[in-house]
Amino acid sequence: GGDKEAGSTGGGDDKIVLGFSQVGAESGWRTANTESIKASAKAAGIELKFSDAQGKQENQISDIRGFITQKVDVIAFSPVVTSGWDAVLKEAKDANIPVILTDRAVDSQDTSLYKSFIGSDFKVEGEKAGEWLAKEYEGKTGDVNIVELQGTTGSAPAIDRQTGFAEKIKANPNLKVVKTQTGDFKRADGKTVMETFLQSTPKIDVLYAHNDDMGLGAIEAIEAAGKVPGKDIKIITVDAVRDGMTALAAGKINFIVECSPLLGDQLMEVVKKVNKGETVEKRILTKEGTFTPEQAKTELPNRKY
Ligand code: GZL
């Protein structure tokens, strides 16, 4: 754990102090993820110092530096983008404060800079989306024009969801991504980018959005253009937050790949172990599935977020 010398902020009677730097509050997924982390820290009796970086890497880096100065016991964060972390992670390592990655990954070559990475396999999520679409159009002829709303540029989910999807649709040359642009995981941006897609691309058959929020924004644009989402334009999204599942149950979205934000409990387990100097699994995968409209109808009442 961190520096146990006098002056460390081990809150009160040896309570573990966790510094957490969150990406921001850009989507329903993120809100649910923040709630999970706060609730799990409370349940685990861990003192949480929480910071919201408003989507800016420089804020996350200064947040992490602040945690180092405060001599927290453990640092965890969801890196907004994959690159540019080695320096600050080295500072945490030199200060003998273990770091845990949650949700998104970093591209640091030196994996000794963090103890564990807890989160989804975004490439598999992209593959699940691509596999569903390939099946939908198996044996059919004629071009299928796909437009893609990418997540935050440079983020692990945006990079890997694009790669996984592209790999799985390659088998069918009719499936073509004719437009791809970032909507930054935000509903408002998804709407404005979809408006430009609709203006520039006369025939759009499919929308692949890297999260529900951008898909929901796009649905507003599609309906404003007098088209029927889920019918005129098939829609695939990722996350399966409540608003996405509601649109899926209504047939406005055709397929959702789940990405669970409920990482809090797994994180606190790992925090307790690394604080005791125990070794932990380097890579902890979250469990998640996929949903069709039929499945959404029965699943909706069970959703926690
Ligand atoms: C995925 C997470 C992504 C979600 C988006 O683990 O990083 O960021 O898919 C969120 O909704 O904004």
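Readers should treat all values here as calculations from the given coordinates under stated rules, not as data from a laboratory. Fair warning: this is a prediction, and the values are worked out from it, not measured in the lab. In this analysis, Cβ positions are derived from the backbone assuming ideal geometry, glycine residues included, and neighbour counts consider all displayed protein chains.
Can you name the residue in region 275-305 that is among the charged types (D, E, K, R) and loosely packed, with under 12 Cβ neighbours inside 10 Å and, of all such residues, is nearest to P229 (Cα to Cα)?
Ranking the candidates gives E294 first.
Looking at D86, D103, D107 in this structure, which one is within 16 Å of the ligand (Cβ to nearest atom), surrounded by fewer than 23 Cβ atoms within 10 Å (Cβ to Cβ) and either among the acidic types (D, E) or without any contact (Cβ under 8 Å) to a residue 12 or more places away in the chain (or both)?
D107
Does region 36-56 hold any residues that are surrounded by fewer than 17 Cβ atoms within 10 Å (Cβ to Cβ) and in a helix (DSSP H, G or I), and which are they?
K38, A39, K42, A43
Can you confirm whether region 73-94 contains a residue that is part of a helix (DSSP H, G or I), farther than 18 Å from D239 by Cβ and of a type in the set (S, T, Y)?
Checked against the condition, which is being part of a helix (DSSP H, G or I), farther than 18 Å from D239 by Cβ and of a type in the set (S, T, Y), region 73-94 yields no hits at all.
For residues that are away from the ligand (no atom under 15 Å from the Cβ) and either more than 23 Å from G119 (Cβ to Cβ) or in a loop (DSSP other than H, G, I, E, B) (or both), tally how many sit in region 249-282.
Number satisfying all stated conditions: 12.
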